[in-house]
Every structure is written in structure tokens, then in C-alpha cells.
1. For the condition part of a loop (DSSP other than H, G, I, E, B) and at pLDDT 85 or above, what is the one hit in 49, 32?
2. Restrict the check to the range 166-173 and report whether at least one residue is in contact with a Pro (Cβ under 7 Å, 6 or more places away or on another chain) and either within 22 Å of residue 83 (Cβ to Cβ) or not polar (S, T, N, Q) (or both).
3. Filter the range 174-214 for residues that are surrounded by fewer than 18 Cβ atoms within 10 Å (Cβ to Cβ) and farther than 25 Å from residue 130 by Cα and give the result.
4. What single numbered condition from (1) surrounded by 15 or more Cβ atoms within 10 Å (Cβ to Cβ); (2) modelled with pLDDT under 90; (3) not in a loop (DSSP other than H, G, I, E, B) fails to hold for residue 81?
5. How many of the residues making up the range 1-29 are modelled with pLDDT of 90 or more, part of a helix (DSSP H, G or I) and over 22 Å from residue 90 (Cβ atoms)?
6. Does residue 284 meet the test of being over 17 Å from residue 175 (Cβ atoms), assigned to a helix (DSSP H, G or I) and among the hydrophobic types (A, V, I, L, M, F, W, C)?
Amino acid sequence: MAAKQPQFSPKQVASALQASESSVKRWCDQGAISTIRTVGGHRKITLDALQHFLRSSNRPLIAPQALGLSANRVATEGMIPGGQDHDQKLFRTALAQGDEDACRRILRMRVGLGASRSEAADFLITDAMHGIGEAWDCHRVDAYQERRGCEICTRLLGELRNELPPMPATAPVALGGTLSGDPYQLPTTLVELSLRESGWDAMNLGSNLPAESLLRAVSDHRPRLVWLSVSSIEDADQFVRQENLLAEKIGDDVALLIGGRGLTDEIRPKLRYTAHCDSLRNLVDFAFMMRMQG
């Protein structure tokens, strides 16, 4: 269950804004500040509604302590775009602030409520990193916050992976990573976690790998499945050459799965692959069918 969002009275908000309570009530009645009503008919203002008002009116929250909030939280919350689920909002804010313990608690809560580790990580981490990346592009967060967020998420994914039981010797082998020019590590790490949860002996080879190196790994480990995570393409022609070389050389008995936001409609028709997976769920479903087929 998601944590309940804080709610404030007009008097509390007036103290934080250093404005009169009558002004806050007027803004509420005019719709400038969205409110909810208690059973007794009293106005309550959620943190989301307050953040929206601050952004739209360009007003500062002069005394956040009047609401029991830190200045850092007020400065960050609401600045990172993304999903509207309350856990996603909390996770994005905590990640942008570098609050690793809070991120871990939210992630653990999702798993405790029945989500698989990879589902919880995809729901929270993918959403947060996309949002922080967009906020960085718009200069709403600093580069160090984006890098720190990556490091935190890498550690969290590592913890989730290490909790899984050892793979049996009979588990089918899968391996993958990103090709040269693509430095993003989190998506391919998430694929590894998802496949291992699905019963594959999956090995993430990391990012920025030449096709020849991936082919050497295929020769050494003889997988049934190879995945390519494609978040960024530096040189489109080079990427197409590398991907087609990999598809040609891995053998007809090895499935090549590709996916990622870097695969545009212009690039995809030039590539050779077994399946294009437009979501992590799609990849897991395909891998499950492969296992069932023996």
C-alpha cells in the first residue's frame, strides 16, 4: 500500500507561504490551490496540490518547516516528470535527493506487496531515471544528481539480484549487453534480473561492447538467447553494421532479442533479430515461451 500523501490546513500553508490564511482560502476557492474536503467540511491541501500552486504562481515556500518539510524536499519534489503513482513520485524525489535508504524502502515495499523484483524495479527505477534524465536535459537537476541516481539504482539492482537462489545447472543460458556507443548500464542490468527471475542463467556483459566481443562470449558460453539493450545510438551506420554482424554470426539456434528507446522506426527495419521487445514484460513473456518450448 502506498504511503499516504501529507495533507495540510490552509492555516499551515499560510504559515509556510508567509501569507494570510484568508488569502490561502481565497486561492482555494478560486481553484488556484486544489483542495479536498474532510467529512466535517474542512479544506485540506495535499503536497501535490501545494507543489502545483508553487510552480504555477512562481511563489517560494518561505517556511517549509511549518509543514514539517525539509527545504531540500520542497525544492526537489514535483520537479521530476514521470508516472503518477504515488510510489513513483516518492521514489523519483528520493532518488533525486540521493536518499538511498528511502529508495530501498519504497522498492522493498513494492516487492513485499507481491510484485516480482524485476517488476518493482522496472516500475520505479525505469520511471525515475527517465524523469531525472529529462529534468537534467531541462537543467532542473544537476549532472551529479543524475550520476548519483545511476549509482544508487545499480546498487539496488545488485541487491535484488544477489537475493535470488543459485541457478540450477540445467538452466538455459542467456547473455547480453549494449553495443559500442551505448554507455547505459541500468537497462541491461534490469534485463539480467528479469531473466534470472524467469529461470534463465542470465549474464549481463555490461555496456559499450564491440560486436566481436559479444560473439566471443557466445562462443565461450553457448547461450540459447542473446539480448541487446539499446538506449542510445551514437553512430547509426556503425550500430546497424554491428547488430547485423552479431545476428549473422550467433547461429540459427540462438534467439536474438532487441529492445530499448534508442530503436527508432527508422533504424529497426535495417536490423536482423528474432524479436523486438518494446517492454520488459514483453521480453520476459518471450523468454518464458522459449523455455517452455525446450
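The values are calculated or read from the model by the stated rules, or taken from the named source; none is laboratory data. Treat the numbers as computed from the prediction; the structure is a model and nothing was measured. All Cβ positions, glycine included, derive from the backbone under ideal geometry; neighbour counts span all protein chains shown.
1. Working: 49 fails: part of a loop (DSSP other than H, G, I, E, B).
Going through 49, 32 in turn, the sole match is 32.
2. Pass one, the range 166-173, residues in contact with a Pro (Cβ under 7 Å, 6 or more places away or on another chain): 173.
Among the residues that remain, those that are also either within 22 Å of residue 83 (Cβ to Cβ) or not polar (S, T, N, Q) (or both) are: 173.
Yes, the range 166-173 contains at least one residue that is in contact with a Pro (Cβ under 7 Å, 6 or more places away or on another chain) and either within 22 Å of residue 83 (Cβ to Cβ) or not polar (S, T, N, Q) (or both).
3. Of everything in the range 174-214, those that are surrounded by fewer than 18 Cβ atoms within 10 Å (Cβ to Cβ) and farther than 25 Å from residue 130 by Cα turn out to be 199, 210, 212, 213.
4. (3)
5. Summing the residues that are modelled with pLDDT of 90 or more, part of a helix (DSSP H, G or I) and over 22 Å from residue 90 (Cβ atoms) in the range 1-29 gives 13.
6. Taking the combined requirement at face value, the residue does not satisfy it.
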